[in-house]
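A.B. asks: Got a structure here, written out as structure tokens. Questions coming.
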Amino acid sequence: MKVGYYPGCSLHGTGKAYDISARTAMKVLGVMPEEVADWSCCGSTPAECENPLLSTALSARNLALAEAAGHEFLVAPCAACFSHLKKAGLEIAGNEKLAAKIRELIELDYQGQVKVLNLLQVFVDLVGIDALRKKVKKPLTGLRVVTYYGCLLVRPAHVAGFDDPVNPVSLDRIMEAAGATVLPWGAKTDCCGASFTMTNPEVVAEASGKIMLQALEAGADLVVTACPMCWMNLYRGHGYAREHFGPGKTMPTVYFTELLALALGVSPRALVMKKHLVNPYPVLRQKQIV
Amino acid sequence: MKMAVDLAREGTTFLEQVEARSGEKVAECYQCGKCSGGCPFSSLMDIAPNQILEMIYYGLEEPLLRSRAIRTCIGCGTCEANCPAGFKMYRVMETLRHLAREKGVEPKADAGIVSFNRLFLDNVARFGRLQEIGLALEYNRKKGQLLRDSAMGARMFFKGMVGAADLFPRRSATAAPVGRIFRKIEEMEGRE
């Protein structure tokens, strides 16, 4: 099946490894992502903080483009893009006055026909865990992971409309189906510090550092994430953990789609795992996954 | 006989304004403090979320609209997940930010958050898609701390995560329609 694909700014920039692995894993499972032509930035947290109308308009423009291209689903791998696109759709639905204003701003028609999905929903709802498990060629046997969801994938709950806002399990199910051992831990939905990475990096380092510490205490080999911003911030946390808890007190963070693609039999060379700030190859080699 | 004192009409107090716009019953909060306990950024705030609710109740509008706290909330929704009454505290924060903006109240100190937000939006208005590296460099240059993230930047460059092209941002085809959204909103708000 075909789905609309909204990479968002990060996946065209620092999150290339997520973009490549997400497209690859979807294709192997028969979901064909078609990038929405001419997509633009969703406005993210800055637009939402500064001007609600701007925030809705910037996101709605992309919904309208996906609708015009005839897509039923619009997939947004970035947790923040997913949240803002979906929120814009919810705000416009049933508010004809706002809808008219938005149409005037974006110079496009929009009927509210597109369903925004995050990437976890693609694998859990569109593909299905059982179908996914059947396609696994190289199970991630022996790899111990903790699943990190962060905030916007599951909260605010009425926006995400998906899984549980405090103890989500969809990513756990995906990783288990890929053959990994998913460990219980308490930082699944803790905040990484998000957009404070520029303005208050020390706050981000501490918030993410504590997440890394919990991953260590859980005994994980890797942290698995589904958001390019979380991934970046966990790198700051990586430095913090080393500084405060001693050398060796850290571990790589990878995108869940990278591990999924490996489990589906994709060659590591087709991915760009070497671009990670903390190299995951040593642990993946040790577990004979690459 | 006409009353000499002009009592505030219903629906016009600060509490009622915030309740009407946020859709949250601020007066019903029973101050358990779990919103502040769970908030990842309450340590960055000058006023804690539960105190904000109490201050709204007492009509302390000016210090709230000037506070750093309302600009610190990023709407992650942890407050709602923690609240035993299912209260959407982040909606209240959002409402306060919008009131501050409409009334032209500038923050007393914002730890760079508001200026970062504006630089981010300028970048989107110019390029249509955010140029991450360009934004990071511009923010650090404006703050006079160009070398702050240099180690991380160098590592990204070395690892091939970012390239020389990222230092010279390009306008995408979407820059024009996105720029028009920004301009039209300015015009709309000028009319109101």
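A.B. asks: Could you please tell me which pairs satisfy a Cβ distance under 6 Å, a separation of 6+ or placement on different chains, a first residue in the stretch B:135-158 that is at pLDDT 80 or above, and a second residue that is open to solvent by 90 Å² or more (accessible area, probe 1.4 Å)?
C.D. replies: Filtered contacts from the stretch B:135-158: B:Asn140/B:Leu146.
A.B. asks: Quick one: would you say A:Leu234 is crowded, with 24+ Cβ neighbours inside 10 Å and more than 24 Å from B:Val162 (Cα to Cα)?
C.D. replies: Numbers: crowded, with 24+ Cβ neighbours inside 10 Å: yes; more than 24 Å from B:Val162 (Cα to Cα): no.
Answer is no for this residue.
A.B. asks: Something else: Residue under question is A:Leu58, and the condition is that it be within 13 Å of chain B (Cβ to nearest Cβ), open to solvent by 20 Å² or more (accessible area, probe 1.4 Å) and part of a helix (DSSP H, G or I); does it hold?
C.D. replies: Values: within 13 Å of chain B (Cβ to nearest Cβ): yes; open to solvent by 20 Å² or more (accessible area, probe 1.4 Å): no; part of a helix (DSSP H, G or I): yes.
In short, no.
A.B. asks: Also: With the stretch A:150-221 as the region, which helices (runs of 4 or more DSSP H) entirely inside it contain at least 1 residues that are hydrophobic (A, V, I, L, M, F, W, C), touching a helix residue (DSSP H, G or I) at 6+ places or on another chain (Cβ under 9 Å) and open to solvent by 30 Å² or more (accessible area, probe 1.4 Å)?
C.D. replies: On the way: elements: A:157-160, A:170-177, A:196-199, A:201-218.
Answer list for the stretch A:150-221: A:157-160, A:201-218.
A.B. asks: While we're here: Looking at the stretch A:72-125 only, could you name the residues that are surrounded by fewer than 21 Cβ atoms within 10 Å (Cβ to Cβ) and assigned to a loop (DSSP other than H, G, I, E, B)?
C.D. replies: Those that are surrounded by fewer than 21 Cβ atoms within 10 Å (Cβ to Cβ) and assigned to a loop (DSSP other than H, G, I, E, B): A:Glu72, A:Ala93, A:Gly94, A:Asn95, A:Glu107, A:Leu108, A:Asp109, A:Gln111, A:Gly112, A:Gln113.
A.B. asks: If you don't mind, another one. Let me spell it out: the conditions are (1) crowded, with 16+ Cβ neighbours inside 10 Å; (2) under 13 Å from the mean Cα position of the chain (by Cα); (3) within 30 Å of A:Gly239 (Cα to Cα), and B:His98 meets all of them except one. Which number is the exception?
C.D. replies: Here B:His98 meets the rest and fails (3).
Let's see how each residue does on (1) part of a loop (DSSP other than H, G, I, E, B); (2) within 8 Å of another protein chain (Cβ to nearest Cβ):
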| position | (1), (2) |
| --- | --- |
| B:Arg91 | no, no |
| B:Pro107 | yes, no |
| B:Asn117 | no, yes |
| B:Glu138 | no, no |
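A.B. asks: Which one is farthest from the other protein chains (Cβ to nearest Cβ), of the residues in the stretch B:160-192 that are modelled with pLDDT of 80 or more and assigned to a loop (DSSP other than H, G, I, E, B)?
C.D. replies: B:Ala173
Results for (1) at pLDDT 95 or above; (2) of a type outside the set (S, T, N, Q); (3) under 23 Å from A:Asp190 (Cα atoms), shown as yes or no for each residue.
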{"site": "B:Asn50", "(1), (2), (3)": "yes, no, yes"}
{"site": "B:Tyr57", "(1), (2), (3)": "yes, yes, no"}
{"site": "B:Leu60", "(1), (2), (3)": "yes, yes, no"}
{"site": "B:Gly75", "(1), (2), (3)": "no, yes, yes"}
{"site": "B:Thr78", "(1), (2), (3)": "no, no, yes"}
{"site": "B:Ala81", "(1), (2), (3)": "no, yes, yes"}
{"site": "B:Ala100", "(1), (2), (3)": "no, yes, no"}
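A.B. asks: Filter the stretch A:1-22 down to the residues that are assigned to a loop (DSSP other than H, G, I, E, B) and closer than 17 Å to A:Ser40 by Cα, then identify the one that is most open to solvent (accessible area, probe 1.4 Å). I'd like the intermediate steps shown before the answer.
C.D. replies: Residues of the stretch A:1-22 that are assigned to a loop (DSSP other than H, G, I, E, B), as a first pass: A:1, A:6-7, A:12-15.
From what's left, closer than 17 Å to A:Ser40 by Cα: A:6-7, A:12-15.
Working: A:Tyr6: 2, A:Pro7: 0, A:His12: 80, A:Gly13: 10, A:Thr14: 14, A:Gly15: 1 Å².
Among residues in the stretch A:1-22 that are assigned to a loop (DSSP other than H, G, I, E, B) and closer than 17 Å to A:Ser40 by Cα, the one most open to solvent (accessible area, probe 1.4 Å) is A:His12.
The values are calculated or read from the model by the stated rules, or taken from the named source; none is laboratory data. Because the structure is predicted, anything quoted here is derived from the model rather than measured. For neighbour counting, all protein chains shown are included, and Cβ atoms are generated from backbone atoms with ideal geometry for every residue, glycine included. When the accessible area is computed, the model is the full protein with side chains, heavy atoms only, and any ligands, DNA or RNA have been set aside. Shrake-Rupley method; radii C 1.70, N 1.55, O 1.52, S 1.80 Å.
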